Structure formats: structure tokens, C-alpha cells
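Structure, as C-alpha cells:
The values are calculated or read from the model by the stated rules, or taken from the named source; none is laboratory data. Just so you know, these numbers come straight off a predicted model, no measurement behind them. Heads up, the Cβs are rebuilt from the backbone with ideal geometry, glycines too, and the neighbour counts pull from every protein chain shown.
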Amino acid sequence: MGVPTFIENFQASRLIEPVQGLSQIAGRASALADGRPAAEAYPESVGRTPEVVPAGSPVVDPPGTWEHATWRLLSFEWTAEHSYSFTFEQSKLPGRSVFVATANGDLDGDGVLSTFQIAGECAAGKAPVLHPMEISREVE
């Protein structure tokens with residue numbers, strides 16, 4: 001016996017936010033990195049935003065939540081209710097820069113987080129590369 005379609009659709013709709021959010025972040029980060037020196041490819045790291053992961057129900061952020069320079073450079077913010085917090089981390093390595101963007105959610109409010117991540121890198125003299133998205137506990 002299969003899973004009813006309405007349950008599959010409901011679960012899929014809950015995954016749109018982190019997948020689309022990270023895709024937007026990764027696309028913008030890659031666009032910023034294209035043609036720049038590897039050491040300056042990505043914006044600086046920014047911690048989890050909002051700092052507290054929404055637990056069990058969507059939240060609306062207070063004004064200023066997404067004002068960090070990195071979120072501005074990435075053209076990323078939430079102005080409506082949302083259920084995930086986002087992080088952008090960049091590292092400079094010899095001859096290349098890398099980033100990891102993360103979305104964390106706690107849709108059922110049990111304190112156990114789902115994690116969605118996408119990474120990218122830019123090596124000296126090469127175009128930026130995106131790696132496949134990784135998902136852990138997607139419906140937590």
C-alpha cells in the first residue's frame with residue numbers, strides 16, 4: 001500500500017523552503033564568485049539567522065534580522081513566515097575558497113534538527129563549482 005498523495009504533497013511542501021532557500025544562496029554566491037580572485041570569491045561567514053531555529057511552527061522575523069552584509073550581498077532574506085534558520089560559512093584555503101550554506105529546521109518541535117546543506121568552491125583561475133545538496137533528517 002502506498003503513501004496517500006496528500007501526505008506526499010504535504011511533506012514535499014515542507015521541504016520547499018530549505019531547498020529553494022539554499023538554491024538561491026548558492027546561485028548568488030556562485031555568481032558573486034565568478035571572475036573574482038579565489039581569495040575574495042565569497043562573502044564573509046554569517047551565523048545562524050534567525051539565531052534560534054523555529055520550533056514546531058513558522059515564525060515572522062523582527063525587522064533587521066536579515067541585515068547582515070552577507071545576507072545583503074546574497075540578496076537573501078525572509079519577509080514572510082518561515083520554519084528554517086540559515087547559515088553561510090566561507091573558508092579560504094591555499095588557492096581556493098569554499099562555502100557551505102545550511103538550513104536547519106525543527107518542524108515537529110522536538111528539539112532534533114533537520115539539516116540541509118549545499119557547498120561550493122572557487123579555485124584560482126576556474127569557474128565556481130556547486131556540490132550536490134545533502135539532507136539529514138529531512139522531515140524532523
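Numbers for the structure displayed
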{"item": "Candidates SER30, SER75, SER85 - the one that is part of a loop (DSSP other than H, G, I, E, B), under 16 Å from the mean Cα position of the chain (by Cα) and at pLDDT 95 or above", "result": "SER75"}
{"item": "Matching residues in region 43-72 - criterion: being of a type in the set (Ser, Thr, Tyr) and more than 14 Å from the chain's Cα centre (by Cα)", "result": "SER57, THR65"}
{"item": "Matching residues in region 92-140 - criterion: being part of a strand (DSSP E or B) and among the aliphatic types (A, V, I, L, M)", "result": "LEU93, VAL98, VAL100, ALA101, ALA103, ILE118, ALA119, ALA123, VAL129, LEU130, ILE135"}
{"item": "Members of region 44-95 that are of a type in the set (A, V, I, L, M) and more than 17 Å from ALA31 (Cα to Cα)", "result": "VAL46, VAL52, VAL53, ALA55, VAL59, VAL60, ALA80, LEU93"}
{"item": "Those residues of region 84-140 which are among the β-branched types (Val, Ile, Thr), more than 24 Å from SER57 (Cβ to Cβ) and crowded, with 16+ Cβ neighbours inside 10 Å, in sequence order", "result": "VAL98, VAL100, ILE118"}
{"item": "Filtered residue count, region 65-122, keeping only those that are closer than 15 Å to PRO43 by Cβ, touching a helix residue (DSSP H, G or I) at 6+ places or on another chain (Cβ under 7 Å) and among the aromatic types (Phe, Trp, Tyr)", "result": "4"}
{"item": "Out of THR49, THR79, sole residue that is over 14 Å from CYS122 (Cβ atoms), touching a Ser or Thr at 6+ places or on another chain (Cβ under 9 Å) and not hydrophobic (A, V, I, L, M, F, W, C)", "result": "THR49"}
{"item": "In region 38-72, the residues that are out of contact with any strand residue (DSSP E or B) (no Cβ under 9 Å at 6 or more places or on another chain), in a loop (DSSP other than H, G, I, E, B) and of a type outside the set (Gly, Ala, Ser)", "result": "PRO62, PRO63, GLU67"}
